[in-house]
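Read the structure below first, then the notes.
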Amino acid sequence: MNTEKSNISVCMIVRNEERFIEKSLRSILSVADEIIVVDTGSKDKTPVIASQFGAKIFNYEWQNNFSEARNFAISMASNPFIFSIDADEELQNPESVIRLVQTAKDDEGGWLVNNISFASRKGGTGYDTYATKLLRIFRNHPKIRFNGIVHEQIHESILSLGMKIRDSEVTLLHYGYSLSPDEMKNKQLRNLDLLLYALRNEPKNAYLLFQIAKTYLALDKLIDAENYIQSCLQYVKADSAVKPQALNYGGIISFKFGNYRLAIDRAFESLRIIPNQSFANFVLGETYSAMMQYEKAIGYYLAMEGALRNPDPKALVVGDYFLPFEQLFFRLGRCCIGMQLPKEAEKYFRMGLETNPNDFDCIRGLANALILQSKYNEARAILRTFAIKAPEYSNEVAKFNEQINQMEKKERNNVSNPVIPTRNEVVYSAIEEGTNENKSVFVSLSMIVKNEEKYLEGCLESVRTIADEILIVDTGSTDRTKEIASRYGARIFDFPWCDDFAAARNESLRHCRGRWIIYLDADERIIHPKPEELVRILRDAQEDIGAFYCLIESEHYQMDGSTEMHRGGYPRIFRNLGYPKVKFVGRVHEQIAPSIFENGYKIIFSDITIQHLGYNQSRTVMEEKIRRNYRMLIAHVQEEPLNGYAWYQLGQTLAQMSLFGEAEKAIRMAIQTKSLSKSVFASAASTLAKMLGNQGKYDETLYWAEKSLENAPEQVYALHLKAYALLYLCRFEEAEVTFAEVLQKLRSKRGIPLAGFDIQIPEALVLKGLEMARNKKIV
């Protein structure tokens, strides 16, 4: 220990820490007048190692309460200042601690330290680095005590004494998150048990609710995280330090859900409380970047940089987010790439490498920026230098170099019309996990099947001259399905059915090697355009296009025996970014669009038309299909109660089952989640309008029809519902004008509706309404 008086007691609580404790104690020897170690039940060599460093060791029976154990430790301290440290932490700059206590002012009660954590990446591919501020040095005062069963805090007791909390340059390295996935999960589950136990006694404790939400977020249980963050925001006081933290983490949860509007709202509310902070600006930068609004994203990333360089003390006390500067510069460069500003991107990537020369993201980004400027040799030189310094990346660099060679060759062979590298070729290049390696395959057909001998041949025949490879995942066929698929040269993979369409489709994606993927069902056929024209559309696609909406024409069998033609736009053709970067989500009525948007691409409409035969079947077949979908959708909303799209599809299925009351509730729930895309919201609103019209609630019918049109103004279906609502409200002149507009659109409509969906209205029905409106008489 320190031979000169430093007035510092180092306190730690331990249990089975032989892996780390020696390094920790050695790091604080020069600052500690005494070392207090409270052991809560070690079975390993922890107490022996601590005694070798002259520590005062106290045995303490663990009470499932971190604050009680820490408070016991500091009650044993005899010096004016306390330095609280964990056994898995290592002090980097002892001189800063000494200088801090020597210059401490009388009104200062506590000091924040930099805590740098290393967390194991998923898949064991290395470590991520995180930086936070924690209050670890404080005065030894009987009223300064920790509070909280877990994630304990001490700052409130310091502030209650009228003392100030200051920042410091003291830095700790934290190794406690460099655990295996199982070890990390067990740690989070232990914390969760303690937090839920504490919540039983304080069910409205905002801090506990916040920490539970954070823990569920760490466990990737987003639904639970969102539920608890909502409860926290319900009970948290306006002036509580918890509120901005909860809003920021709530923003992260919303972002992960894909509810970008809510993420933005929560971040803005946090900024109103603490304007100069890093965390909320980070949430806004990430969200606007995902929305491809790169200019806005850059503005918030730059605001984040300002907050990192000149932190607000209030933000530090509350708890801010400290993104390493090289990662911030990487994000700025990535936005510039998205804006097609490679020179600006190059500047930011170089700034990142000045901060951390070994950051692979910035290396990759800089190479991308140089490639976009046709600076191929410079890109190669940078990659070569990096591979020498970091040989573990040599395989990725080799793949990147091969791609550069191919692109340079293309440019030499087509000087008059140089090829601009597409985004999946450059920005997210072959060095990233999952990107396909066989570039000779241009189009892959991805399918899942089970007993489809009736339809499969017709489907495969429609794409025979489009697809370079056919990937079929069979979920248990007992008929001739596999035999038919084999005749078309399909690669067939067996996959046990698990009541999850997304899981089955993702199994097919794992094997796709083409640059583009078309996904179809066996009861579908591509009927427009001609095969060579479709392939040309894909070859000419601009670099920011990630997928194409195709027009699905589907005749739906109704339970009353009638049929109804539905026409909708769905992204059935998309770039192969590599699984799991591009993947389906949703047990039933699965979606690919969220992952396309998450990777920064846009989806555009096309006139590619697919005929779907699967809904025009017998009542028996349709009833079986509806029951299957109902079962899966019920499981989906139970697993993800905030998934608006799942509620929307459940409402549609319940309506098909003639359970109209339950269907209406499900559709309203879908709308209330505020997570629907414009297209789906418009469809949900028009569905609700129809239900209300059937009940004679024409005022509400008109309201929801107009809401649908606000989000999809070109559709015919909601306009027709609006016309009939006006008619039955006896607003005849308005109804006449609206029916006339419906008729005009019905007769001129071609291709995919801009809404992304529509339902074909029989012209006779429109003419009937128009006649009643003109005669001002309801028949």
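The values are calculated or read from the model by the stated rules, or taken from the named source; none is laboratory data. On a predicted model such as this, the values are computed, not experimentally measured, just so you know. Backbone-built Cβ (ideal geometry, glycine too); neighbour counts: all protein chains shown. Accessible surface is based on the protein model in full, side chains and every heavy atom, while ligands, DNA and RNA are left aside. Shrake-Rupley method; radii C 1.70, N 1.55, O 1.52, S 1.80 Å.
Packing, as the average of other Cβ atoms within 10 Å across residues, places the peptides 356-363, 231-238 in the order 356-363, 231-238, highest first.
Where does each of 663-670, 10-17, 150-157 land if you order them by average Cβ count within 10 Å, highest first? Kindly include the intermediate steps, with their values, before the conclusion.
Values: 663-670: 20.6, 10-17: 23.5, 150-157: 18.9.
Sorting 663-670, 10-17, 150-157 by mean packing, highest first, produces 10-17, 663-670, 150-157.
Pop out the carbon and sulfur fraction of the accessible area of the chain as a percent, whole number, probe 1.4 Å.
Numbers: 17150 of 35110 Å².
Reported share for carbon and sulfur atoms: 49 percent.
How many Å³ per residue does the convex hull of the Cα positions in region 236-377 occupy?
On the way: hull volume 14.2 nm³, N = 142.
Spread over its residues, the Cα hull of region 236-377 gives 100 Å³ apiece.
Show which lysines lie in cross-link reach of Lys143 when reach means a straight Cα distance below 21 angstrom and same-chain residues fewer than eight apart are skipped. Straight-distance partners of Lys143: Lys105, Lys164. Figure legend: label point modelled 7 angstrom from the Cα of Asp106 along Cα→Cβ; residues of region 137-175 with amide N under 20 Å from it are 138-144, 158-166.
Multiply the residue gap between Glu461 and Glu354 by 0.36 nm, knock off their C-alpha separation, and tell me the result in nm, one decimal place.
Working: separation 107, 0.36 × 107 = 38.52 nm, distance 5.58 nm.
That works out to 32.9 nm of additional length.
Using the structure shown, select from Lys530/Lys583; Lys722/Lys777; Lys375/Lys409 the pairs with a Cα to Cα distance greater than 24 angstrom. Walk me through the numbers before you get to the answer.
Values: Lys530/Lys583 28 Å; Lys722/Lys777 17 Å; Lys375/Lys409 13 Å.
Listed pairs above 24 Å: Lys530/Lys583.
Listed by chain and number, the aspartates and glutamates whose alpha-carbon sits under 13 Å from that of Lys133, ignoring those within fewer than 8 places in the same chain, are Asp167, Glu169, Asp312, Asp320.
For the peptides 694-702, 493-501, 90-98, 714-722, residues were scored by their other Cβ atoms within 10 Å and the scores averaged per peptide; the highest-first order is 714-722, 90-98, 694-702, 493-501. Rolling a 1.4 Å probe over the protein heavy atoms gives region 23-126 an accessible area of 44 Å² per residue. Divided by 2.2 N^0.38 Å, where N counts the residues, the Cα radius of gyration of region 186-241 comes to 1.06.
Using just the helices of the chain, give the 222 nm mean residue ellipticity in deg cm²/dmol: DSSP H runs with n ≥ 4 each add -39,500 (n - 2.57), and the total is spread over all residues, rounded to 500. The partial results should precede the final answer.
Values: 31 runs with 385 residues, N = 779.
Only helices count here, giving -15500 deg cm²/dmol.
About the centre of its Cα atoms, the chain shows a dipole size close to 700 debye [charges on the beta carbon of Lys, Arg (+1) and Asp, Glu (-1) only; nearest 20 debye]. A Förster radius of 41 Å, combined with the Cβ-Cβ distance separating Val737 from Lys530, puts the computed FRET efficiency at roughly 0.50.
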